[in-house]
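Working notes, beginning with the structure itself.
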Amino acid sequence: VQLQASGGGSVQFGGSLRLACAASGSTTSITRMGWYRQAPGKQREMVATITTVGSTNYVDSVKGRFSISRDSAKNTVYLQMNSLKPEDTAVYSCNADLSWAAFPYWGRGTQVTVSS
């Protein structure tokens, strides 16, 4: 499975961005996809995940502001980020859990920068 993330950029406080993660390869093996982020000097944290049946999970700090969704036909997962704050600044990466793999697959990160 290959994961290609896109959509990062620089916005001001309160702005919006939409990230996309396109999966290719053995996509039928994917059971869950998610977005993670890592800010400078901090550990990577889960931002949002979505399963193949549409169950979602969010870190508390983004609830009500971020929304994860998927387009099964395009094998793409989106992260709509609204009301962005400077503390959302990080490298965002997507990953995918596969039914047969012991560890998730990761895509390359995309930088999100929010200025005050």
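The values are calculated or read from the model by the stated rules, or taken from the named source; none is laboratory data. Bear in mind that the values here come from a model prediction, so they are computed numbers and not experimental data. Glycine also receives a Cβ, built like all others from the backbone with ideal geometry; neighbour counts cover every protein chain displayed. To get the accessible areas, we keep the full protein, side chains included, count just its heavy atoms, and leave off ligands, DNA and RNA. Shrake-Rupley method; radii C 1.70, N 1.55, O 1.52, S 1.80 Å.
From the Cα trace of the chain, what convex hull volume per residue do you get, rounded to a whole Å³?
Details: hull volume 10.8 nm³, N = 116.
Value for the chain: 93 Å³ per residue.
To the nearest 0.05, what FRET efficiency results for LYS63 and THR113 with a Förster distance of 25 Å applied to their C-beta separation? Let's see the in-between values first.
Numbers: r = 22 Å, r/R0 = 0.87.
Taking R0 as 25 Å, the efficiency between LYS63 and THR113 is 0.70.
Treat each spin label as a single point 7 Å out from the Cα along the C-beta direction, and report the SER83 to ALA20 distance in nm.
Calculated label separation equals 2.7 nm.
Tell me which aspartates and glutamates have Cα within less than 18 Å of LYS42's Cα, excluding those fewer than 8 residues away on the same chain?
ASP60, GLU87, ASP88
Given a Förster distance of 22 Å, report the FRET efficiency between SER10 and THR56 from their Cβ-Cβ distance, rounded to the nearest 0.05.
Working: r = 27 Å, r/R0 = 1.21.
Here the calculated transfer efficiency is 0.25.
Under 16 Å Cα-Cα from LYS63, which lysines qualify once same-chain neighbours fewer than 8 residues away are excluded?
Straight-distance partners of LYS63: LYS85.
Give the accessible area for THR113 in Å² (nearest 10); use a 1.4 Å probe, count only protein heavy atoms, and leave out ligands, DNA and RNA.
50 Å²
Just the accessible area for TYR36, please: 1.4 Å probe, Å², rounded to the nearest 10?
Taking all protein chains as shown, TYR36 has close to 40 Å².
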